[in-house]
Amino acid sequence: MKTVTVTEKVKFVLDQKLNGLNARLFVTREDGITIYDSVQNNTTTSVAALVSGVWQASEALMNLVYQQNEVMDFRLAFDTSSQGIYLFPFNLSGKRYFLGAIYNDCLNPGLLKRQIAMIKEEMERLFIDEPLPKKAVFSARQGYLFHDISDSEIDRLFSLGGI
Amino acid sequence: MSFVNYHTKEINCKIVYYGPGLGGKTTNIQYIYQKTSSQNKGQMITLNTENERTLFFDFLPLDLGEIRGFKTRFHLYTVPGQVFYEASRKLILRGVDGLVFVADSQVERMEANLESFQGLEKNLLEQGYDLAKVPLVMQWNKRDLPNIVSVEDLQHQLNKKKNPAFEAIASQGHGVFETLKMVSKSVLLNIKGGLE
């Protein structure tokens, strides 16, 4: 039986939600790596890095002023009455991710935010119902991914980037 | 923490350029950005102050080719070097896979180099990392300037663990890719075989 990864599962859920949303929808890991982005272009990776940075800075600010350690109920908004960014932290299979939307020219941002919150809740439910068989897969992949890499392999890798 | 997706055969790694203010961290990243072909790089992000000093971080995603069937993506970050941005530096170290310490070779910057290196050790510890276990490459930058410390002195004062080290003139590109290739190799060799 094929194992379904977090990435595949998130994509399956979010692809179905896009039609009803007038927003760019994305999920990132807390270290700034893209799990899902409804827009795939040269900004995709940077969006995830900035989302992670914004969240971590906000979290550090709360900790600094109020010693607030529990932030899973928080959300982050940077918005006007028609455009903005909205972020939610959430847990999938024991790891923290951010679900976010960037929107512009939106008539009802309140409704959009509610829709994002509902998507988050739906995803959390889905992952609770069907936890990934992480331990079994992980145990087969102990040790290092590469035992040796030659300088010429690294040169070849970089030469592909025109370097 | 590197991210290996076995299903899509992708590797994502985070490399942080660390060092004292005005040492050349951003210059390294800018040179890499300029010299990388457009289809292999994402948008470079710089969060600067008005006078172009790094405020939070610079970020450059590099989408290189495949190594042994794995598509490889490096996320390059710089930290702000100025002393009072300590809180930002700590945040950027989270999830780090490899480090480049960019030291300023000028005699008058040795104290700043030492202070920054001690800060790196301390900040890593606070994030739960042991510097001895994180791939680290040293870069002795600004070798073209007068009044520079000898490489032997830099090694003695900043590189007691004998990590790989390169002389550099980042503004001209000398040593920039040698440093990046070395840290990339060290990071790839250090990836544990876990699942996303």
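The values are calculated or read from the model by the stated rules, or taken from the named source; none is laboratory data. The model shown is predicted, which means the values in this text are computed figures rather than measured ones. Virtual Cβ from ideal backbone geometry, glycine too; neighbours counted across all protein chains shown. Remember, those area values only see protein heavy atoms, side chains included, never the ligands or the DNA or RNA. Shrake-Rupley method; radii C 1.70, N 1.55, O 1.52, S 1.80 Å.
Mind listing whichever residues of the stretch B:115-162 are under 17 Å from the mean Cα position of the chain (by Cα), buried (at least 16 other Cβ atoms within 10 Å of the Cβ) and among the aliphatic types (A, V, I, L, M)?
Selection gives B:Leu120, B:Leu124, B:Leu131, B:Val134, B:Leu136, B:Val137, B:Met138, B:Leu158.
With under 20 Å from B:Leu114 (Cα atoms) and either open to solvent by 10 Å² or more (accessible area, probe 1.4 Å) or in contact (Cβ under 8 Å) with a residue 12 or more places away in the chain (or both) as the only criterion, which of B:Lys41, B:Lys35, B:Lys90 stands out?
Being under 20 Å from B:Leu114 (Cα atoms) and either open to solvent by 10 Å² or more (accessible area, probe 1.4 Å) or in contact (Cβ under 8 Å) with a residue 12 or more places away in the chain (or both) holds for just one of B:Lys41, B:Lys35, B:Lys90, which is B:Lys90.
Just for strands (runs of 3 or more DSSP E) wholly inside the stretch A:1-86: which have at least 2 residues that are within 14 Å of chain B (Cβ to nearest Cβ)?
In the stretch A:1-86, A:23-29, A:34-37 are the strands (runs of 3 or more DSSP E) which contain 2 or more residues that are within 14 Å of chain B (Cβ to nearest Cβ).
For the stretch B:70-85, name all the residues that are more than 11 Å from every other protein chain (Cβ to nearest Cβ) and either open to solvent by 20 Å² or more (accessible area, probe 1.4 Å) or assigned to a loop (DSSP other than H, G, I, E, B) (or both).
Result: B:Val79, B:Pro80, B:Gly81, B:Gln82, B:Val83, B:Phe84, B:Tyr85.
Taking interchain pairs and intrachain pairs at least six residues apart, which have beta carbon atoms under 6 angstrom, with the first residue in the stretch B:157-176 and among the polar types (S, T, N, Q) and the second at pLDDT 95 or above?
What qualifies is B:Asn159/B:Met138; B:Asn159/B:Ala165; B:Asn163/B:Leu136; B:Asn163/B:Met138; B:Ser171/B:Thr27.
Sort through B:Thr8, B:Thr26, B:Thr46 and tell me the only one that's of a type in the set (Val, Ile, Thr) and in a helix (DSSP H, G or I).
Only one candidate qualifies: B:Thr26.
State whether the residues of the stretch B:180-193 include one that is more than 14 Å from chain A (Cβ to nearest Cβ) and either out of contact with any strand residue (DSSP E or B) (no Cβ under 9 Å at 6 or more places or on another chain) or open to solvent by 40 Å² or more (accessible area, probe 1.4 Å) (or both).
The answer is no, given that none of the residues of the stretch B:180-193 is more than 14 Å from chain A (Cβ to nearest Cβ) and either out of contact with any strand residue (DSSP E or B) (no Cβ under 9 Å at 6 or more places or on another chain) or open to solvent by 40 Å² or more (accessible area, probe 1.4 Å) (or both).
Taking the conditions exactly as written (in a helix (DSSP H, G or I) and crowded, with 18+ Cβ neighbours inside 10 Å), does B:Met110 satisfy them or not?
yes
Quick check on the stretch B:141-150. Is at least one of its residues in a strand (DSSP E or B), among the polar types (S, T, N, Q) and in contact (Cβ under 8 Å) with a residue 60 or more places away in the chain?
The answer is yes; a qualifying residue exists.
Sort out which residues of the stretch B:39-49 are at the interface with chain A (Cβ under 8 Å from one of its Cβ atoms) and over 22 Å from B:Phe101 (Cα atoms), and write them in order of number.
Those that are at the interface with chain A (Cβ under 8 Å from one of its Cβ atoms) and over 22 Å from B:Phe101 (Cα atoms): B:Asn40, B:Lys41, B:Gly42, B:Gln43.
Please enumerate the residues belonging to the stretch B:4-32 that are hydrophobic (A, V, I, L, M, F, W, C), open to solvent by less than 10 Å² (accessible area, probe 1.4 Å) and either away from every other protein chain (no Cβ under 14 Å) or closer than 19 Å to A:Gly32 by Cα (or both).
If the condition is that a residue be hydrophobic (A, V, I, L, M, F, W, C), open to solvent by less than 10 Å² (accessible area, probe 1.4 Å) and either away from every other protein chain (no Cβ under 14 Å) or closer than 19 Å to A:Gly32 by Cα (or both), then B:Val4, B:Ile11, B:Cys13, B:Ile15, B:Val16, B:Ile29 are the ones that fit.
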